[in-house]
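This report refers to the structure that appears directly beneath it.
The values are calculated or read from the model by the stated rules, or taken from the named source; none is laboratory data. Because the structure is predicted, anything quoted here is derived from the model rather than measured. Here Cβ is always computed from backbone atoms with ideal geometry, including for glycine, and neighbour counts include all displayed protein chains. Side chains included, ligands, DNA and RNA excluded: accessible areas come from the protein's heavy atoms. Shrake-Rupley method; radii C 1.70, N 1.55, O 1.52, S 1.80 Å.
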Amino acid sequence: MSLYGNRGVHGQTVDAIARRVLSGELPEGTTLDVPALREELDVSMTVLRESLKVLAAKGLVDARQKRGTFVRPRADWNLLDPDVLRWQFSAEPDLSLLRSLDEVRGIIEPAAVRLASARRTDEDLARLDQALTAMAEADHAVAEVAADLSFHRALLGATHNELLERMQTVLESALAARDQLVHSTEHATGDPVPSHRAVLDAVRSQDADAAEFAMRALLEKAASDEQRAHPGTDAE
């Protein structure tokens, strides 16, 4: 899901600056001291300029004559960019953003499973079965989360709606953020398989109402897990 962070010096430079912006270490409106930043990060000016171009494309920074390179207001950030989402959850969980992601999931996924129920193919069901099997066999959190992502990705794919399929970047960010939030505590989340199997069984049976009901129950369970892990996540 991530585009940067594992791409050598360039990716590490993008990551380093982005995390400072997203954490508030470089507040909105701050003008960057580019020469000092280049020296601190120990990179060439070419690498630094290319990294700033990446961050500019994501809405985090901009450059103007006489002002230089500066951090743009949060309202300009591309919050749906998978890297921007990842950076925001890379340190302390952003509970407000997580609530927003949960709300997006609540809008998209119940409607998506209704479409999946009507349009799913044998190949779609096979991918869902495979993801559910991987979830049941997962023996650690990383494997469980990977299986969860595969399941929800397969559900969006089963809608055969090209735009909905593209929403996987947002939903995967929500799931990854939830994992970071929940697994950072000692609160157990219980067996995830039954709630996911209920969704799959309804999709397999092409029962759209049952699929939507099962998905809403799954999302409610996820919200409950988050609330137990961090009581502040349901605050308004």
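Annotations
- Any hit, segment 38-47, residues being farther than 19 Å from residue 215 by Cβ, basic (Lys, Arg) and exposed (fewer than 14 other Cβ atoms within 10 Å of the Cβ): no
- For segment 46-104, the set of residues classified as among the polar types (S, T, N, Q) and assigned to a helix (DSSP H, G or I) consists of 46, 51, 88, 96, 100, listed by residue number.
- Index of the failed condition, residue 19 passing every other in (1) charged (D, E, K, R); (2) at pLDDT 90 or above; (3) part of a loop (DSSP other than H, G, I, E, B): (3)
- Entry remark, segment 120-173: residues being outside any helix (DSSP H, G or I) and small (Gly, Ala, Ser) number 2 in total.
- Of all residues making up segment 82-115, the number that are farther than 30 Å from residue 204 by Cα, open to solvent by 20 Å² or more (accessible area, probe 1.4 Å), within 14 Å of the chain's Cα centre (by Cα) and acidic (Asp, Glu): 1
- Residue within segment 181-193 that is in a helix (DSSP H, G or I), out of contact with any strand residue (DSSP E or B) (no Cβ under 6 Å at 6 or more places or on another chain), more than 18 Å from residue 97 (Cβ to Cβ) and at pLDDT 90 or above present: yes
- The single condition among (1) touching a Lys or Arg at 6+ places or on another chain (Cβ under 9 Å); (2) among the small types (Gly, Ala, Ser); (3) closer than 14 Å to residue 175 by Cα that residue 147 does not satisfy is (1).
- Entry remark, segment 22-45: residues being outside any helix (DSSP H, G or I) and touching a residue at least 60 places away in the same chain (Cβ under 8 Å) number 0 in total.
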